[in-house]
Amino acid sequence: MADPDERTRNLALVVGRLAADGPSSRTELARETGIAKGSIRTLTTTLIDAGVVREATVGGDGSGRPRTVLRLATDDLAIVTARIDADTAVAVLHGISGDELARFTARHGGPLEDPDRVLDVLAPVLDAAIGGADSRDRRVGAVSVVVPGVVGGAPAVVRVDHELGWRDVDVLGGLRERLPRLGELEPALPNGVALIGEGAAAARAERDALDGLDDFLYLSGHTGLAGAIVAGGVPAAGAHASAGSFGHIAIDPTGVPCRCGQLGCLVTIAGPEIVLERAGLTELRREHGLAAALDELREQIAANDQPAVWSWNDAVLWIGRALRALDAVLDPEVIVIGGYWGDLVGDIADAVATDGFLAADTEQAPLVVAGAAGPDAALLGGFATARTRLLADPLHLAV
């Protein structure tokens, strides 16, 4: 008798390939998944009978010999991904294949230290995305919310974010209180509503964007410092869901106190707010938001404006030291740098490869590369995570 778990995994492989690659023949599916052709025929018949997959004929009419391909019959499905960052709340509506259908954004204006104020802005944005699915005759198959900080527990909460001052913040509970539609929708979702930490979400997107890269460290300096340890293509959570909290490496024993109780954490030296303050850009950040201030910082660094250059050079020294410490413990082959740091990755690579504090043999220094997922990395990773969970049992997609 066939193993039901293996059958479900194989169904997920087939549907996952169709979602990623688009219409494919059975022969192509067998090649891409490694599943025997006979088994592919059985699996695809199951999916066709369930209404998850349908056959189509392509070619012919002078364009070549007609052939039969399979495609997902999920044109009515949508995935909603919401995100809180330093300035804005955003929710994106995607089709199952990753096509962006709509985007809704509102500026919460901070401070992020006040979660109620942030959720007051996020709730109507999320509501607009769910309503956008309804107006497009789409059924929502998955909802995920990406947040700064360490996410853990059951039910999931933001357990701690010392940079924001959050502790045990029930983001999903707060959204349900503000958005009755979410509570009404949730029972119909196969996996409920997912809460995902920014570091894990962005790392997932980078893993997808950097083909073949399944083991790496990820670090970004956008909303605070977000990080992740990716092993076997999956961001590690750790025993208390705090793996990847690289911003709280106590790197300068003579540094300033951090909210976490330590002295000289990396975030107190190289966090975006600190770098902007030293560069004289705090007022710009306050008036126009973090993204605009970081754009200006990059321009000033490129123009050799000394306050900006000095601020960045001081930060990159400590970033390099922190990464060398991580290298000594975790021995990664690759370190992926996201956020605005990605545009300055050459400076970080030089700092990592330089002899100095906790330096190992420079010939063994890891490869340091810029992220490829772009400014939407966390959103894209939240979508990809939700889609993977949704497709894990494809028969749930049947109407």
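Structure values in brief
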{"read-out": "Segment 262-280: number of residues that are open to solvent by 10 Å² or more (accessible area, probe 1.4 Å) and under 16 Å from residue 87 (Cβ atoms)", "value": "1"}
{"read-out": "Failed item, numbered, when residue 355 is tested on (1) open to solvent by less than 80 Å² (accessible area, probe 1.4 Å); (2) modelled with pLDDT under 95", "value": "(1)"}
{"read-out": "Neighbours by Cβ (under 9 Å, 6+ apart or cross-chain): first from segment 281-305, within 20 Å of residue 223 (Cβ to Cβ) and in contact (Cβ under 8 Å) with a residue 12 or more places away in the chain; second open to solvent by 30 Å² or more (accessible area, probe 1.4 Å) and outside any helix (DSSP H, G or I)", "value": "289/88; 289/107; 289/109; 290/222; 291/88; 291/222; 291/375; 294/222"}
{"read-out": "Filtered residues of segment 283-329 (kept if surrounded by fewer than 15 Cβ atoms within 10 Å (Cβ to Cβ), aliphatic (A, V, I, L, M) and part of a helix (DSSP H, G or I))", "value": "292, 302, 328, 329"}
{"read-out": "Index of the failed condition, residue 275 passing every other in (1) outside any helix (DSSP H, G or I); (2) closer than 23 Å to residue 165 by Cβ", "value": "(1)"}
{"read-out": "Lone qualifier among 71, 67 - being open to solvent by 50 Å² or more (accessible area, probe 1.4 Å) and within 25 Å of residue 393 (Cα to Cα)", "value": "71"}
{"read-out": "Yes/no for residue 134 being farther than 30 Å from residue 274 by Cβ, acidic (Asp, Glu) and open to solvent by 70 Å² or more (accessible area, probe 1.4 Å)", "value": "yes"}
{"read-out": "Residue tally, condition buried (at least 20 other Cβ atoms within 10 Å of the Cβ) and closer than 21 Å to residue 71 by Cβ, over segment 92-123", "value": "3"}
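Okay, residues lined up against (1) of a type outside the set (Val, Ile, Thr); (2) assigned to a loop (DSSP other than H, G, I, E, B); (3) buried (at least 16 other Cβ atoms within 10 Å of the Cβ):
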| position | (1), (2), (3) |
| --- | --- |
| 13 | yes, no, yes |
| 18 | yes, no, yes |
| 35 | no, yes, yes |
| 38 | yes, no, no |
| 46 | no, no, yes |
| 56 | yes, no, no |
| 78 | yes, no, yes |
| 82 | yes, no, yes |
| 90 | no, no, yes |
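The values are calculated or read from the model by the stated rules, or taken from the named source; none is laboratory data. Predicted model only: the values in this text are computed from it and were never measured. All Cβ positions, even for glycine, are placed from backbone atoms using ideal geometry, and neighbour counts span all protein chains on display. Quick note on the areas: whole protein, heavy atoms, side chains included, nothing else; ligands and nucleic acids left out. Shrake-Rupley method; radii C 1.70, N 1.55, O 1.52, S 1.80 Å.
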